[in-house]
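Structure first, commentary second.
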Amino acid sequence: MTKTKHLLIAFFTILLGIQGVQANQQLIDSLKSEISKANSDTLRAQLYLNIADHIYYESTDSMFYYSKLAYQIVQGKELNILSTAEKKAVKLIIALAYNNIGSYYNDIGQIDTALFLYEKAFHGFEEFDEKEGMAIAANNIGYIYNNFKVDIPKAIVYYKKSIEYLKELEADVLVANLLNNLAYVYDGQGEFKNALEMYFDALKLYEKSGNRIGIGQAYNNIGAVYQDLEDVELAKDYYIKSLKVRREVADSLGVGYIYNNLAHLYMGIEDYHTALKYHLYALKVRQALNRPREISQSFGNIGLVLIYQEKYDSALLMLNQARDINETLGDEEAQAASLGNLGMLYLKKKDWGKALEFANRSYELSKKNHFDKYLRTSSELLYKVHKELKNDKQALFYFENYVQLKDSALSADNIRESMKLQSQYEIEKEALIQEQKKKEAEEQARQKKNRRNNIQYSLILISLLILAGLILTLGVIKVNERQAQGLIFLTFLIFFEFLLVILDPYVDDFSGGAPLIKLLVNAVVAALIFPLHEYFEKTIQQRILKGKTQ
């Protein structure tokens, strides 16, 4: 399994949106040259899988082609005549190929096929207790259930399986990827506080391992949570951070996602001019990468912005291009969305016939596939069109249908809104707790500092008293004049410095830290002490002289 570890790690990240830089052409050419020298089908198949790994970022189609080649090379082998080691190698190649090909079908929107292949990959890895492969396949299955099948309990089950397998691996990046996935589930359920905690944990792991692609993705995810929490400024900050990192690592697909997210952020605050600008940026990037699903998404988004700007002819051009791509991909949910958008456009243009045609098509497609969101929007469209056409019976039917679907959606939205408010409360509460802890720590540090200072002040004062006592005994104790002067000078020097230390905070406040004022204050203190110093020195000199004459 060690030979394919890098491949597994790469495909673990693909479904998370953590896309890498374009493939190194020299490396791919090197792998191709090795294929011609390979002395076994198994080795050739492994090399094809390695090429698929490196070429994914350039072309999904090429990744699919090389993975399928690897599968075709080994899938017809007579396993019963192979050694145990060869049999294992062949079955693992097949499992890897299933996983890769599943990623291709996921990219083009054929979710059922992708899920089927991921499950076959999982069982292939499971046969040999290959924890890395099992973790990746389980993660991919969880991703499908979370994002497309919308079966959250199943998604959580498979993500937990992946966690279980990853516990045996010491790979920070893999753990961070999984944290991202689980956080995404929590985000989708409205548990924003848990989502943020996991995203920040993932960010720490990416930073620890120096994984810049992961750092860019984590910033994006954190920004998305703040957008859900309606904190526009924080969301924007993290999106910009993500954009900067993704540009640095030449993660073009990631850059496209960030442009798309920024556009939606500005749409939310009705800044349609800026939203359109970012949607156009995203489209340009996606066209350069030849990503049909994302290109269709951008066309649809641009069309919607243009509708809001009442630029209907331009909007029609965009929406038709989105619809054509979705039909080619066979993505029926995206088709339902496109048809509904066209229905809304023609409703705005007051072309009741075409509005009715597209709204009906969206409604029927959504009803057949249980696309509740688009069934609701198409019901509203049909109600509005029939109302304009004075078809009261049909208008009433679709109005009641729309209200029923809306009530269901509102119930879900209310739960999510409630969870959002709870998350905001918990985040604010946590911030207050942290602030209180900080204040308590500062107070403890202040008290500790005061205790230390008081002890040191006491020691200095005791030392000064001892020195003063010695000075007072001079004349009784026999010392020469030079020694007496030195003792007096040392005592007053320490006394002077002690006064400066005590007065310094007050002088600082009074002077505002101005050096000239502090110097003047210190000079005044010295001037006040100087006569006292002279008095003691003269008195002690007299005592010493008196002692000598006796």
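Rule-based calculations on the coordinates, nothing more; no lab input. Since this is a predicted model, take the numbers as computed values, not measurements. FYI the Cβ positions are ideal-geometry reconstructions off the backbone, even for glycines, and counts take in every protein chain you see.
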(request) Compute the length gained on full extension between K438 and E248: take 0.36 nm times their separation in residues and subtract their Cα-Cα distance, giving the result in nm to one decimal. (result) 64.8 nm
(request) Return the distance in nm (one decimal) between the two label points of a simple spin-label model at D237 and E78, each offset 7 Å from Cα along Cα→Cβ. (result) 6.8
(request) For a label point 7 Å from the Cα of F397 along Cα→C-beta, name the residues of the stretch 340-361 whose backbone N is under 13 Å from it. (result) 360
(request) Output the pairs from K149/K348; K193/K437; K91/K149; K37/K131 with a Cα-Cα distance over 26 Å in this structure; if there are none, say none. (result) K149/K348; K91/K149; K37/K131
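Gain in length, L487 to K208, computed as 0.36 nm per residue apart minus the alpha-carbon separation, to one decimal in nm?
Values: separation 279, 0.36 × 279 = 100.44 nm, distance 5.94 nm.
Computed gain between L487 and K208 is 94.5 nm.
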(message) At 7 Å along Cα-to-Cβ for each site, give me the label-to-label distance between D112 and N320 in nm.
(response) 3.2
(message) Between I466 and N453, what is 0.36 nm times their sequence separation minus the Cα-Cα distance? Round to one decimal in nm.
(response) 2.7 nm
(request) Please turn the phi angles of the stretch 257-266 into ³J(HN,Hα) values with the Karplus equation 6.51 cos²θ - 1.76 cosθ + 1.60 (θ = phi - 60°), one per residue in order, whole Hz, x for glycine and proline. (result) 4, 5, 4, 4, 5, 4, 4, 5, 4, 6
(request) Give me the lysines in straight-line cross-link reach of K244: C-alpha distance below 22 Å, same-chain residues under 8 apart excluded. (result) K204, K208, K236, K277, K284
(request) Kindly write out, for the stretch 83-95 in residue order, the coupling ³J(HN,Hα) from the Karplus curve 6.51 cos²θ - 1.76 cosθ + 1.60 (θ = phi - 60°), rounded to whole Hz, with x marking Gly and Pro. (result) 5, 4, 5, 5, 4, 4, 4, 5, 5, 6, 4, 4, 4
(request) Could you list which residues have their amide H under 5 Å from that of N211, counting only those 5 or more apart in sequence or on another chain, with H placed in the peptide plane? (result) none
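Set the Förster radius R0 to 45 Å, insert the Cβ-Cβ distance between Y308 and D129 as r into 1/(1 + (r/R0)^6), and round the FRET efficiency to 0.05. Please report the intermediate quantities before stating the final value.
Numbers: r = 55 Å, r/R0 = 1.22.
Taking R0 as 45 Å, the efficiency between Y308 and D129 is 0.25.
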(request) Mind giving me the nanometre distance, one decimal, between the label points for L499 and S36, set 7 Å out from Cα along Cα→Cβ? (result) 9.4
(request) Report the calculated FRET efficiency for A85 and I269 (r = Cβ-Cβ distance, R0 = 41 Å), to the nearest 0.05. (result) 0.10
